[in-house]
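Worksheet: one structure, shown below.
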Amino acid sequence: MRYREDFDREVEVQEAWIPMADGTRLHARLWLPTDALEDPVPALLEYLPYRKGDWTAPRDAQRHPYYAGHGYASVRVDLRGSGNSEGVMRDEYAEQELADGVEVVEWLAAQPWCTGKVGMFGISWGGFNSLQIAARRPEPLKAIVTVCSADDRYDNDVHYIGGSVLGIDMIGWSGTMLAFTARPPDPTAVGDAWLPMWRERLDALEPFVHTWLDHQERDDYWRHGSVCEDYSAIDAAVLAVGGWADPYRDTVLRLTENLPGPVRGILGPWAHQYPDIALPPGPHIGFLQETVRWWDHWLKDADNGAMDTPRLRSWMQEPVPPATAYDQRPGRWVTDDAWPSPDTRWTEHTLGGGAPVQVRSPQHTGIDAGRFFPYGNATDLPPDQREEDGRSTCFDTPALTRRTEILGRARVRLRMDSDRPKGTVIVRVCDVAPDGSSTLVTRGVLNLAGRRGRDRTEPWTPGTPEEVEVELTGTGYAFPAGHRVRVAVSTAYWPWVWPQPDDPTLTLWPADSALLLPERPEGTDTGRAPVEFDEPEQAAPLPIVRGTASERPERLVTHDVGTGEWVLDVDPNYGGTRTYPDGLVYTESARERYRIRVDDPLSAVAGSEWEISLRREGWDVLVRTSSELSATAEHFVVHSTLEAFNGGEVVEVKEWRREIPRTSG
């Protein structure tokens, strides 16, 4: 990593209030060239709820000064009701958030230091709302960079997967946001108003999971903000970036396929991080340089070849033994000038022959799924899948006689029947080495009740075989000669997938079922220009002091042999204690636990606990939250609590209990 301070433009930092039409003010931090009034610059916006004053401050320091030093006004804005901004926040990607975002874009364009052209960027939430605001077409917004984001809020986010409730993040992320939205503004930014503002936030709080479970099918709630509903609404230039270890990677493939305007895609080996951040898996790239070239082309009219790159640049992953982390993931860059690639050759591999087979998995199948959102921690990725394979019904190809590269989204076609009206089928594709080790390559989930569309619930008619197709997540992967390709089918995948109450047995006809692989033929890349990226650069790091790391394991699995209960105990390890240059001491502790008994789908319980404190001289606040999700055969049951303290005195205590009918979930 190279840290830059020798920029072309000298940089200063300003704080500003941005007024909204209803009188609410959003708080912003601006990194500006010192001579921007004499020589105006385009503006770049990152728009988040994660608090620029503390939580994202280390990351902000890496990139915002870098952009400003290259001749941009780089601006970080707290969403309404978050950080130091006024108002309250009631949900993610709400209409108010997007309307405010359009106003912020227009405000930036109207400033005397701005040329009138604006770009947006962000990872995850900021990548989501960059796409969503681009779909509203504010005139000044000319280009965006969206990283690890989704175009589909229902089927490619933290709530549902394949039409099934996500056990691992439905409550985990709601618990996180309950704690995050309960944090107060900082008195150094808002003065004595901080306490009334905090009380207003606390009074408005309700766990987001209530709303998410009220909408178990793909309805208008989820269509809002899902740009896949109308790709043609986006006319800004889009650079879409993702990683093969990130759950949102398919969005890059869909955007490069469907956007009618200027678009380029990059898919590397990365986790849910910016590609210049030195967390595994690498290799990492000079992402900031790549984006400056993008901004220069679209916001400064530079003729720099930013659009001369291939439509999609992807990291073809070499086979590796299974591990929960890789410092460097071996592979090479490959290119496609169109997507889907005309070079792809779909090959079909029948699952087998003979008599039908039955699939009925123990409820803890999925305990080795790995983290839904890998962040670059030591235990994020799936371990050896042999135990998971043993809990599933597996179909292996013969040993491959040649190297086989795939790029894109594989599919599995199943001829099957279910003995219950509701159920789930999970498919994993693994690379099985000669020594028997099994490396997860890709996977997919299908809620059988949503097999004809995620917007409806259509129970299965037992005794009536059907053909269903399970689309797997995208990947670029090379199977070597001598290895076997394994298709593993299961009816459970806890805690990723919330179990259906009926615990069905599936019957599969292997001879009428097949794996369809998007093969990249040997020689496809012959003669193509190599992909080259600069080494990573960032602005000088923020001088923070980190406290002692948590002594808890990141992921601990325990099994009570007597009761048959399995427990996954997770420390998300977001950052622990940090002391900032202004004296703020920010401490957080989070813990998630997922329980299930091997023979009882109704025993599933998912829980999230948070504690966050913010302290500096004369100011000491504390937030504690807990969230738990369980289910009966008819209802989801949600129980959440909140405690907030100022200087040891109680500011707010809240408790919520909700029973929500199970429809498709």
Query raised in the report: Counting only DSSP beta bridges with both residues in region 147-303, what percent are antiparallel, rounded to the nearest 5?
Result: 20
Query raised in the report: Under 18 Å from a point 7 Å along the Cα-to-Cβ line of ASP599: which residues of region 346-368 have their amide N that close?
Result: 360-365
**Report entry** Karplus-derived 3J(HN,Hα), 6.51/-1.76/1.60, for each residue of region 276-285, Hz, glycine and proline x
**Finding:** 9, 7, 7, 10, x, x, x, x, 9, 10
Report task. Within the chain, what's the longest run with no GluC sites (Glu not before Pro) in a DSSP loop and at most 12 other beta-carbon atoms within 10 Å? Give the range, please. Result -> 39-521
Report task. Read phi for every residue in region 438-444 and hand back ³J(HN,Hα) as whole Hz from Karplus 6.51 cos²θ - 1.76 cosθ + 1.60, θ = phi - 60°, with x for Gly and Pro. Result -> 10, 9, 5, 9, 6, 7, x
Requested in this report: For each of SER626, SER608, count neighbouring Cβ atoms within 10 Å of the residue's Cβ, then give the residues from fewest to most.
Outcome: SER626, SER608
Query raised in the report: Using 7 Å Cα-to-Cβ label points, what is the TRP619/ARG452 separation (nm, one decimal)?
Result: 5.8
Requested in this report: Return one number: the angle in degrees, 0 to 90 and rounded to the nearest 10, between the long axis of the Cα atoms of helix 194-204 and the longest principal axis of the Cα atoms of the chain.
Outcome: 30
Query - Nearest 10 degrees, 0 to 90: helix 287-300 Cα axis against the chain principal axis - result: 60
Query raised in the report: From the residues ALA433, PRO543, GLY175, which one has its Cα farthest along the dipole of the chain in the positive direction, the dipole being from +1 and -1 charges on Cβ of Lys/Arg and Asp/Glu about the Cα centre?
Result: ALA433
Query raised in the report: Tell me, in nm to one decimal, what length is gained between ASP512 and GLU229 on full extension, where the rule is 0.36 nm per residue of separation less the Cα-Cα distance?
Result: 98.5 nm
Report summary line: Helix 57-69: inclination vs the chain longest Cα principal axis, degrees, rounded to 10, gives 60
Query raised in the report: Rounded to a whole number of µm²/s, how large is the Stokes-Einstein D of region 345-519 at 4 °C and 1.567 mPa s, given Rh as the Kirkwood radius over C-alpha pairs?
Result: 79
Query raised in the report: Which one of GLY408, ALA134, ALA514 has its Cα pushed farthest toward the positive end of the charge dipole of the chain, where Lys and Arg give +1 and Asp and Glu give -1 at the Cβ?
Result: ALA514
Query - Neighbour cut-off at most 15 other Cβ (10 Å), DSSP loop, chymotrypsin sites (Phe, Trp or Tyr not before Pro), region 200-261 - result: none
Query raised in the report: Cα-based count: Lys pairs in the chain below 24 Å, eight or more positions apart or different chains?
Result: 4
Requested in this report: Would you please state which residues of region 426-450 a label at THR347 would reach in this model, taking the label point 7 Å out along Cα→Cβ and a backbone N cut-off of under 15 Å?
Outcome: 430-432
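Bear in mind these aren't lab numbers, they're just calculated from the coordinates by the rules spelled out. Worth saying up front: this structure is predicted, and the values here are computed from it rather than measured. All Cβ positions, glycine included, derive from the backbone under ideal geometry; neighbour counts span all protein chains shown.
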